Amino acid sequence: MPSNWREGRSTGIKAATAQHVAALASASTPAEIESAFQAALNDLGRYRSSRHRPIHAAMVARGLELCAAHPRGGFVPRFGAGRRLHVRGEVYRVGRGQNSTGVRYVWAYAERWARARMEDGGLSITASKRVWGSWSDYPHRALRVIEEFDAGKHRDPVMNTLIRQPDSRGPIRCEIGEDQDRRAHRPCECGGTLFDWGCGWSSRIIPLEWRCNRCSAVFIEYVSDERLRAIRTPSHPAGAA
Ligand SMILES: [Zn+2]
């Protein structure tokens, strides 16, 4: 092995890194940033964080530039000096939090604030969640979510409406009054009774399953947590809308 092998190899990596950084800096769409970023990861290896630092920095910097130049880029949160979080021209000061729990809390509040600004501006709950999930590490991905939303993706499901599912699982054995769990219930179109048959875990768009004791229909109703609480409060057992 030649004595200058190491040096030669590291010079090669430096040149390759510079090339990838240049490709990221000249990317003109979120998709171009993503493909330049993936090309760099494939080329430099995925698990060497010190090599990736300039790549990540260039990817984030170019993503922020595209957001700044994009008519809807203000939807992508930006965090800067004085712990200020910017969304659509409004500013929120993020607290410090004294320990890891406190930090989680202040960022939970920041998320609530930021997503409300996005949703005030017309973004769906689904899209605001996706934007929040990527803005800090991958701003170009957050911008791509907004472009996709504008093209008709990431729409919220219809809320508070029974949506019949393609699968049917046979009637359940459950009768009003004999039901130990005192499930919420409501009339089914077949003349039977639909019962609250459990819900998925989610925040703000919760899928609640209703099943009938006479027919084999399965319905999903997407509800907010407030509506779920109202449905399951014993004084409103019929799931009154
Ligand atoms: Zn039915």
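The values are calculated or read from the model by the stated rules, or taken from the named source; none is laboratory data. Because the structure is a prediction, the values reported are computed rather than measured. Because the Cβ atoms are built from the backbone with ideal geometry, glycine has one as well, and the counts that use them run over all protein chains shown. Ligands, DNA and RNA are stripped out before the accessible areas are found, and what is left, the full protein with its side chains, is counted by its heavy atoms. Shrake-Rupley method; radii C 1.70, N 1.55, O 1.52, S 1.80 Å.
Please verify whether the range 9-28 includes one or more residues that are touching a residue at least 12 places away in the same chain (Cβ under 8 Å), among the polar types (S, T, N, Q) and under 17 Å from VAL131 (Cα atoms). Among the residues of the range 9-28, not one is touching a residue at least 12 places away in the same chain (Cβ under 8 Å), among the polar types (S, T, N, Q) and under 17 Å from VAL131 (Cα atoms), which makes the answer no.
Of all residues in the range 57-76, those that are not assigned by TED's automatic domain parsing to the domain that holds VAL21 have Cβ atoms under 7 Å from Cβ atoms of residues that are aromatic (Phe, Trp, Tyr), 6 or more apart or on another chain, in VAL76/TRP135. In the range 153-178, the residues that are closer than 15 Å to ILE220 by Cα form Cβ pairs under 7 Å with partners that are open to solvent by 90 Å² or more (accessible area, probe 1.4 Å), at six or more places apart or across chains, as follows: ASN160/ALA241. In the range 93-108, the residues that are surrounded by 10 or more Cβ atoms within 10 Å (Cβ to Cβ) form Cβ pairs under 6 Å with partners that are in a strand (DSSP E or B), at six or more places apart or across chains, as follows: ARG93/ARG84; VAL94/LEU85.
For the range 179-224, the strands (runs of 3 or more DSSP E) that sit wholly inside it and include 1 or more residues that are away from the ligand (no atom under 12 Å from the Cβ) and assigned by TED's automatic domain parsing to the domain that holds ASP167 are 193-199, 206-212, 218-223. What residue, of HIS70, HIS86, HIS52, is modelled with pLDDT under 95, under 26 Å from the mean Cα position of the chain (by Cα), surrounded by 10 or more Cβ atoms within 10 Å (Cβ to Cβ) and of a type outside the set (D, E, K, R)? The conditions single out HIS52.
Looking only at residues in the range 122-138 that are assigned to a loop (DSSP other than H, G, I, E, B) and in contact (Cβ under 8 Å) with a residue 24 or more places away in the chain, the one that is most open to solvent (accessible area, probe 1.4 Å) is ASP137.
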